[in-house]
Amino acid sequence: MESLSFPVINLEKLNGEERAATMEKIKDACENWGFFELVNHGIPIEELDTLERKTKEHYRKCMEQRFKELVASKALEGVQTEIKDMDWESTFYVRHLPQTNLKCTPDLDDEYRKVMKEFASKLEKLAEELLDLLCENLGLEKGYLKKTFYGSKGPTFGTKVSHYPPCPQPDLIKGLRAHTDADGIILLFQDDKVSGLPASERWAVDIDVPPMRHSIVVNLGDQLEVITNGKYKSVEHRVVAQRDGNGRMSIASFYNPGSDAVIYPAPPLLEPEAEEKKQVYPKFVCEDYMKLYARLKFQAKEPRFEAMKAVETTVNLGPIATA
C-alpha cells in the first residue's frame, strides 16, 4: 500500500451520489486492511456518551480494586521478564443472542443495563447492514451472509467490556496479546483518549486505530475469511499497555454464526474448477472452531484451519437455514 492512512467510512454517504465511491472504500478496507472505522453510523452520540460514562463508573466502583488485588497477588508490579501468558486487562462479558444474560450479569445498575440493551440492539442492526454491504461487494445475493450465520437458532452475539489500566511495565506485559479474532464481524466502541488495536500482521510497523470520538471500529474475523474464501482476511492485532493515564476503555461486540452453523467458502467465490479440487479453507461447524480457538487464540490461524480440515469430512453440508 502506498498510504498507511487508516480507512474511515462515512456511512451517510451510502445514501447519495457518493455511494459507489463509499462501497469501493469498504471493499478496499476489507481486502487490504481487515479493519475500518465507521462514522455517521446511526447510533446516537448521546447513547454512546451514556454508555461510556456508565462503563467507566462501573469499572471504578466494581472492578478497579479487584484488578489491583490481582496484580498484587501475582507480584506483577516489579516483573523483570516478559509475561507471555496473561493480558493487562480487566473484563466482563454480556451475551445478547440467542438468549441474553444481561439481567443476571452482576454489579450492573438499572441504567447501565438499559443503555447496554439499547446499544446492543442498534449494533445488531448495524452488523446485519454491514453483512449485506459485504455481500454486495462480493457479488453474493443479498442476505447470504446473514443466512449463513443463522444456523438453526439464529446468530450468536455478545459484548466484551474491557479496561486497560496504567501498566508499570508496558514493555513486558501486553494489554492484549497479538491475535486474530475467531468471529464473524466485530464492532468496537472505544474512548477517544488512547489509541488502540494496532494492526501489525501485514505491515512493517504497527498502525494504530485513530481514537475518533463516537466512531465504531469494525474488523473481520476468521469465519468471514473462510466464507469469503480468503478474499477478505482476518488481521492480527493487539492492545499495547500504557504506563500513564487513566487507561483505555474498549467495548467489543462480536456478531457470530450460530453454534451449529456450518461455515465454508461461498460457492460463488470459488474458482470454476475448484469444486473438483481440495479447497484452501475448511468447512466446519462454528462451535467446533470456537472450541479450538479457545485453546489456540494467541497462535497463528493457519494451523487452526488445518486442524478443521482434518475433521471436515464429518460435517454435513445441508442447505443454509433461513430466518
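Amide H of ALA182: which non-local residues (sequence gap of 5 or more, or other chain) have their own amide H closer than 5 Å, using H built in the peptide plane?
Placed amide hydrogens put ASP222 under 5 Å from ALA182.
For the pair CYS62 and SER259, how long in nm is the line joining their label points, each one 7 Å along Cα→Cβ?
For the pair CYS62/SER259, the computed spacing is 2.4 nm.
Given the pairs LYS54/LYS233; LYS13/LYS297; LYS27/LYS125; LYS25/LYS231, which are separated by over 26 angstrom at their Cα positions?
Beyond 26 Å: LYS54/LYS233; LYS13/LYS297.
Where does each of 160-168, 99-107 land if you order them by average Cβ count within 10 Å, highest first?
Working: 160-168: 20.4, 99-107: 11.1.
Going by the mean number of other Cβ atoms within 10 Å, highest first, we get 160-168, 99-107.
Ranked from highest to lowest mean number of other Cβ atoms within 10 Å per residue, what is the order of the peptides 289-295, 183-189, 126-132, 16-22?
Sorting 289-295, 183-189, 126-132, 16-22 by mean packing, highest first, produces 183-189, 126-132, 289-295, 16-22.
Give me the number: length gained by fully extending VAL311 to MET86, i.e. 0.36 nm times residue separation minus the C-alpha to C-alpha distance, one decimal in nm.
Extending this stretch completely gives an extra 78.0 nm.
Sticking with the crude label model, points 7 Å out along Cα→Cβ, report the distance from LEU270 to ASN10 in nm, one decimal please.
4.2
Is the C-alpha gyration tensor of the range 1-158 telling us rounded, prolate or oblate? Criteria: a/c under 1.5 is rounded; beyond that, a/b larger than b/c is prolate, otherwise oblate.
The shape class here is prolate.
Where a number appears in this text, it was derived from the coordinates with a stated rule and is not lab data. Only a predicted model underlies this, so the values are computations on that prediction, with no experimental measurement involved. Cβ atoms come from the backbone with ideal geometry, glycine included; neighbour counts cover every protein chain shown.
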